[in-house]
Amino acid sequence: MSRERYEMVVGLEVHVQLKTRTKAFCGCSTDFGAPPNVNTCPVCLGLPGALPVLNERAVELATRAALGLGCRVNPVSIFARKNYFYPDLPKGYQISQFDQPLATGGSVAIGKNETGADVQIGITRLHMEEDAGKSIHDRYPGATAIDLNRAGVPLIEIVSEPDIRTSADAGAYLRTLKQILQYLDVSDVSMEEGSLRVDANISVRPLGQAKLGTKTEVKNMNSFSAVERALEAEFERQCALLDSGGRVEQQTLLWDGARETVRPSRTKEGSHDYRYFPEPDLRPLMLDEKWVGDARNHLPELPEARKMRLIQQYGIPAAGITGTGSMAIPVPSIAGTGLSPTEVEQLTATPALAEYFEAVARASGDGKAAYNWVMGEVLAVLHASGGDIAHFRVRPADLAQLLNLVRDGTISHTAAKRVFALMVETGKQPAQVAADEGLLQVGDEGAIATWVDEVLREHPEEATRYLAGEKKLQGVLVGFVMKKSKGRADPKRVNQLLSARGG
Ligand SMILES: [Zn+2]
């Protein structure tokens, strides 16, 4: 089989649950994990005579998302009924937007190609809609249960142009989109809780051919890596089909992660005619130009802008520029004095992480040390405990204080790690913890000399070899002294004393 002769063409539809307290068209709570069917009312149950009222907050968040993705927000958009029957859709239709969506025409930059140009994935449209309920098939043997807590929860659907050419680019697009939505603070974007869902449209065409092939839709992927694997599997399947002279049939497929394969969906969703028509119970959504302008002016700082700013503030200082004009090449300065672009990239992965880092860096005045601690000790503790940084017990100001204690020599780096562990446990201030634990650094000659003598006595073999001139053992002996002193000895003094003993 020759997949090298074909090109993959992919467009993604991403459903994102907006971070509202209540549903899109009624006052029911959107809380995740409530007992089944508790968060329901006549409107979201579709009882006769109940009328929807549009949630203003949902419109705000949807507009913010559209602006953050560079879309044009339409002054008038229309809610429509998308009619289909499904047990978890009590009204018999879903309120969505069809030919006049909230926003059109944005883009997401997913990185650079081999020539250094930005790779942009176009966004066709962004529209508002409500979620359906949930059918539960595995709770009661032989029966299906319905939970309508999700019915009516506000969503946006973000439809990309068919600009994606590889499964890796699909993954990059999804990760970038998720990060932008996090920075915009419009959604929890959690695939586990269903607040971000992805459907993929994929077709295959011979390389060099402009005309698009017949596409299939792949659903049921529960992670970004599952999307990438499903696209690969479906690409292989379509290539093999075309190679053998067959034709791709337009259909909906379900990803089967356990078997690493796609299988046809039992419902013929792809061929549905939904018979959309304008929702008669909701007026057209009219957005004032000034209101949209205000929303645009109040957009939060987005990931790219934050990266650029942090590189300026904390990046490796440019040591100079060689060459002139377009041939100018920035010369990297000494390592260790600032953050590399890769390090800034890591720190800006989520807004909460960037927030925390910046607070520590500001309060300590040392971006590099802040980076080392946040990416090292802080993330290690959070990974181990499953906590999230926004609610981390050690506040940035306290961590900054710890960094300052290390910098001015009050405690050693080794002792600082112990102090940090105790700060995590107790929530106490670093100076207090260091004093309580007797971890304040000892620069006193007498005390250090005693530790050095003890170490030389306890390790006669290393001592003899060191004193006979084996200089490289000094580091080992310093290590023993640091251990004996529980990190309190000033390593510089220890080195001086050992050198003086004769090595
Ligand atoms: Zn309701």
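The values are calculated or read from the model by the stated rules, or taken from the named source; none is laboratory data. Only a predicted model underlies this, so the values are computations on that prediction, with no experimental measurement involved. We place every Cβ from the backbone using ideal geometry, glycine too, and count neighbours over all the protein chains shown.
Restricting attention to the stretch 1-56 and to residues that are surrounded by 15 or more Cβ atoms within 10 Å (Cβ to Cβ) and of a type in the set (Asp, Glu), the residue that is nearest to the ligand (Cβ to nearest atom) turns out to be 13.
If you go through the stretch 160-196 and keep only what is within 21 Å of residue 7 (Cβ to Cβ) and hydrophobic (A, V, I, L, M, F, W, C), you end up with 164, 168, 170, 172, 174. Tallying residues that are surrounded by fewer than 16 Cβ atoms within 10 Å (Cβ to Cβ) and outside any helix (DSSP H, G or I) within the stretch 442-482 yields 5.
Evaluated against (1) within 16 Å of the ligand (Cβ to nearest atom); (2) out of contact with any helix residue (DSSP H, G or I) (no Cβ under 6 Å at 6 or more places or on another chain), residue 92 falls short on exactly one condition, (1).
If you go through the stretch 118-151 and keep only what is of a type in the set (S, T, N, Q) and either touching a Leu at 6+ places or on another chain (Cβ under 9 Å) or under 29 Å from residue 54 (Cα atoms) (or both), you end up with 124, 135, 149. Any residue at all in the stretch 254-268 that is among the aromatic types (Phe, Trp, Tyr), modelled with pLDDT of 95 or more, in contact with a helix residue (DSSP H, G or I) (Cβ under 7 Å, 6 or more places away or on another chain) and within 28 Å of residue 93 (Cβ to Cβ)? Yes, that holds for at least one residue. Taking residue 485 as the residue in question, decide whether it is touching a strand residue (DSSP E or B) at 6+ places or on another chain (Cβ under 8 Å), under 30 Å from residue 391 (Cβ atoms) and surrounded by 14 or more Cβ atoms within 10 Å (Cβ to Cβ). No, not satisfied. All conditions but one from (1) within 24 Å of residue 175 (Cβ to Cβ); (2) surrounded by 15 or more Cβ atoms within 10 Å (Cβ to Cβ); (3) charged (D, E, K, R) apply to residue 118; the one that does not is (2). Just to be sure, is residue 79 farther than 30 Å from residue 242 by Cβ, surrounded by 18 or more Cβ atoms within 10 Å (Cβ to Cβ), within 12 Å of the ligand (Cβ to nearest atom) and over 24 Å from the mean Cα position of the chain (by Cα)? The answer is no for residue 79. Of all residues in the stretch 223-248, those that are in contact (Cβ under 8 Å) with a residue 40 or more places away in the chain have Cβ atoms under 8 Å from Cβ atoms of residues that are part of a helix (DSSP H, G or I) and among the aliphatic types (A, V, I, L, M), 6 or more apart or on another chain, in 224/174; 227/170; 227/174; 228/168; 228/170; 231/170; 248/241; 248/242. Look through 424, 360, 381 and report the one residue that is touching a Leu at 6+ places or on another chain (Cβ under 6 Å) and surrounded by 13 or more Cβ atoms within 10 Å (Cβ to Cβ). None of the other options fit; the residue is 360. The set of residues in the stretch 150-186 being of a type in the set (D, E, K, R), under 26 Å from residue 43 (Cβ atoms) and part of a loop (DSSP other than H, G, I, E, B) consists of 150 alone.
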